[in-house]
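In what follows, a single structure is set out as structure tokens and then discussed.
The values are calculated or read from the model by the stated rules, or taken from the named source; none is laboratory data. Keep in mind that what you see is a predicted model, and the values were worked out from it rather than measured. Quick reminder, even Gly has a Cβ in these numbers, built from the backbone with ideal geometry, and neighbours come from all protein chains shown. Each accessible area value is taken on the protein alone, full model and side chains, heavy atoms only, with ligands, DNA and RNA left out. Shrake-Rupley method; radii C 1.70, N 1.55, O 1.52, S 1.80 Å.
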Amino acid sequence: MTNADRGRGLSPVVEPDRPWLPAPDFSFAVGPTPPRALKDYRGRRIVLVVLYSLPGSRPRLQELAGAYDVLTTLGVEVIAVPTDGAADAVKRLGPEPRILFPVVTEGAPAILATYRLFGTAPHAEFLVDRQGYLRARWLAERGATREVNALLAEIQQLNEERTVAPAPDEHVH
């Protein structure tokens, strides 16, 4: 069984003290800023990778934008990846609500090719712990919604964990 097969079994709920699946690393850029990589957040931030499609994901992106100050206070960075890979992704989101988290404008096709192995819903969210392990996965299928408070509870679970596994080896796609 491959990691992708096993990863499709991840739920929206963090399994306490049990990191086992290294999150596939990726590089991305946001507008004219220098390229970054998922691994740059290791040891520093929890990351919520959000694969979104418009217009269906707009309400969820609004929720995440509204909670962004709380998310950052809890040590989380959100990385939004448009499923259409549009280079003008930020512009297509429009002025309201203000999206302050990174929206990928370069690198989306490679990210999608990898993270779609874990699920192909139009909207998907992947929670990556500070050590670089994929810990939870939520797929918005058939109109499913998820309360922001449920996400915050999973983040709090990760914040309460002590480091139980070393950072994963490099795994780049």
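If amide H atoms are built 1.01 Å from N in the plane of the peptide, which residues on other chains or at least 5 residues away come under 5 Å of the amide H of V78?
Answer set, sorted by chain and number: L48.
Can you compute 3J(HN,Hα) from phi for each residue in region 70-76, using the Karplus curve 6.51 cos²θ - 1.76 cosθ + 1.60 with θ = phi - 60°, rounded to whole Hz and x for Gly and Pro?
Whole-Hz 3J(HN,Hα) from phi for region 70-76: 5, 4, 5, 4, 7, x, 10.
Would you pull out the residues with amide H under 5 Å of F101's amide H, same chain only if 5 or more places away, H placed 1.01 Å from N?
Counting only residues 5 or more places away or on other chains, the set is empty.
Quick one: go through region 107-137 and flag any residue whose amide nitrogen is under 18 Å from the point 7 Å out along the Cα-to-Cβ line of K91.
Label zone hits: 107-108.
Pull out the extension gain between E63 and A29, defined as 0.36 nm times the separation in residues minus the alpha carbon to alpha carbon distance; nm, one decimal. Before the final figure, lay out each step's value.
Details: separation 34, 0.36 × 34 = 12.24 nm, distance 2.32 nm.
Net length gain for the segment: 9.9 nm.
Which whole-Hz couplings ³J(HN,Hα) result when phi for each residue of region 152-161 is put into the Karplus expression 6.51 cos²θ - 1.76 cosθ + 1.60, θ = phi - 60°, listed in order with x for Gly and Pro?
4, 5, 5, 5, 4, 4, 5, 5, 7, 6
Which order do K39, K91 take when ranked by solvent-accessible area (1.4 Å probe, heavy atoms of all protein chains), largest first?
Working: K39 85, K91 165 Å².
Descending order: K91, K39.
Could you rank R60, R42, R8 by how accessible they are, 1.4 Å probe, largest area first? Present the calculation step by step, with values, prior to reporting the outcome.
Values: R60 15, R42 55, R8 105 Å².
Listed by decreasing accessible area, they come as R8, R42, R60.
Past the 15 angstrom mark, what percentage of all C-alpha to C-alpha distances in region 95-145 do you count? Before the final figure, lay out each step's value.
Details: 782 of 1275 pairs.
That tail contains 61 percent of the Cα-Cα pairs.
Averaging over every viewing direction, what projected area does the convex hull of the Cα atoms of the chain cover, in nm²?
9.2
So what are the ³J(HN,Hα) numbers for region 10-17, from phi and the Karplus equation (6.51, -1.76, 1.60; θ = phi - 60°), rounded to whole Hz, Gly and Pro as x?
Here the 3J(HN,Hα) series is 5, 10, x, 9, 5, 8, x, 6 Hz.
Sort L74, L134 from largest to smallest accessible area, using a 1.4 Å probe on the heavy atoms of the protein chains.
Numbers: L74 40, L134 0 Å².
Reading off the accessible areas and sorting them downward yields L74, L134.
Which FRET efficiency, nearest 0.05, do V70 and A113 yield, Cβ-Cβ r, R0 22 Å? Each step should come with its number before you reach the end.
On the way: r = 31 Å, r/R0 = 1.43.
The formula returns an efficiency of 0.10 here.
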